[in-house]
Amino acid sequence: MAIERTFSIVKPDAVAKNVIGQIYARFESAGLKIVASKMVHLSKEKAEGFYAEHKERPFFNDLVAFMTSGPVMVQVLEGENAIKANREIMGATNPAEAARGTLRADFANSIDENAVHGSDAPESAAREISYFFSDEEICARTR
Ligand code: RTP
Ligand code: MG
């Protein structure tokens with residue numbers, strides 16, 4: 001199986017709940033390695049750029065307001081089928097529909113404040129990783 005990288009965000013609601021470590025532990029338990037990580041408080045412009053694909057959607061302004069409401073953790077996760085594996089750990093966008101034991105079932109407040117983001121395809125993963133991290137900020141985990 002292919003070793004992939006995916007981009008992940010611990011969103012402001014989960015940072016405010018003080019569950020960064022619990023969420024990182026889920027990544028690690030699933031065999032995903034954190035190869036880059038930092039805390040950032042997104043500007044309006046940075047959040048709008050990140051979610052540009054949703055610009056015309058009715059929830060766009062609320063989404064940007066929420067994502068800039070407090071600091072987030074951004075990270076690059078590496079592992080076998082990392083993109084799909086992370087989406088499985090996260091659960092459905094709406095926590096009411098998220099499977100038991102997923103991050104959103106356990107930590108999300110609502111479809112808007114849903115604890116985590118994860119890239120949905122190889123193209124978006126590559127774009128999102130480079131939107132937040134330079135090559136030098138991503139570490140090789142060789143041992
Ligand atoms: P994400 O991008 O954050 O990993 O979430 P996702 O793929 O599961 O969901 P997506 O369709 O990409 O939507 C991005 C974020 O917008 C908010 N959203 N609100 N009120 C709504 O109907 C609605 N739909 C989406 C969520 O915060 C979602 O994570
Ligand atoms: Mg998405």
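The residues listed here are ASP62, ASP106; of these, the one that is under 17 Å from VAL15 (Cβ atoms) and in a helix (DSSP H, G or I) is ASP106. Only residues that are within 16 Å of ligand 2 (Cβ to nearest atom), surrounded by 15 or more Cβ atoms within 10 Å (Cβ to Cβ) and among the hydrophobic types (A, V, I, L, M, F, W, C) were counted across region 33-59, and they come to 3.
Just the residues that are touching a residue at least 40 places away in the same chain (Cβ under 8 Å) and either over 16 Å from GLU53 (Cα atoms) or open to solvent by less than 60 Å² (accessible area, probe 1.4 Å) (or both), please, taken from region 112-123. Steps first, answer last, please.
Within region 112-123, the subset touching a residue at least 40 places away in the same chain (Cβ under 8 Å) is 112-119, 122.
Selection gives ASP112, GLU113, ASN114, ALA115, VAL116, HIS117, GLY118, SER119.
Filtering region 72-95 to residues that are open to solvent by 50 Å² or more (accessible area, probe 1.4 Å), in contact (Cβ under 8 Å) with a residue 12 or more places away in the chain and more than 11 Å from ligand 1 (Cβ to nearest atom) leaves GLU80, ASN81, GLU88.
Just wondering, is there one or more residues in region 127-138 that are at pLDDT 95 or above, more than 15 Å from ALA16 (Cα to Cα) and open to solvent by less than 10 Å² (accessible area, probe 1.4 Å)? Scanning region 127-138, I find at least one residue that is at pLDDT 95 or above, more than 15 Å from ALA16 (Cα to Cα) and open to solvent by less than 10 Å² (accessible area, probe 1.4 Å), so the answer is yes. Among residues of region 99-111 being within 10 Å of ligand 1 (Cβ to nearest atom) and more than 14 Å from the chain's Cα centre (by Cα), the one that is most open to solvent (accessible area, probe 1.4 Å) is ILE111.
The values are calculated or read from the model by the stated rules, or taken from the named source; none is laboratory data. Fair warning: this is a prediction, and the values are worked out from it, not measured in the lab. As a convention, Cβ positions derive from the backbone with ideal geometry for all residues, glycine included, and neighbour counts pool all protein chains shown. The protein model used for the area step is the full one, side chains on, heavy atoms only, and it has no ligands, DNA or RNA in it. Shrake-Rupley method; radii C 1.70, N 1.55, O 1.52, S 1.80 Å.
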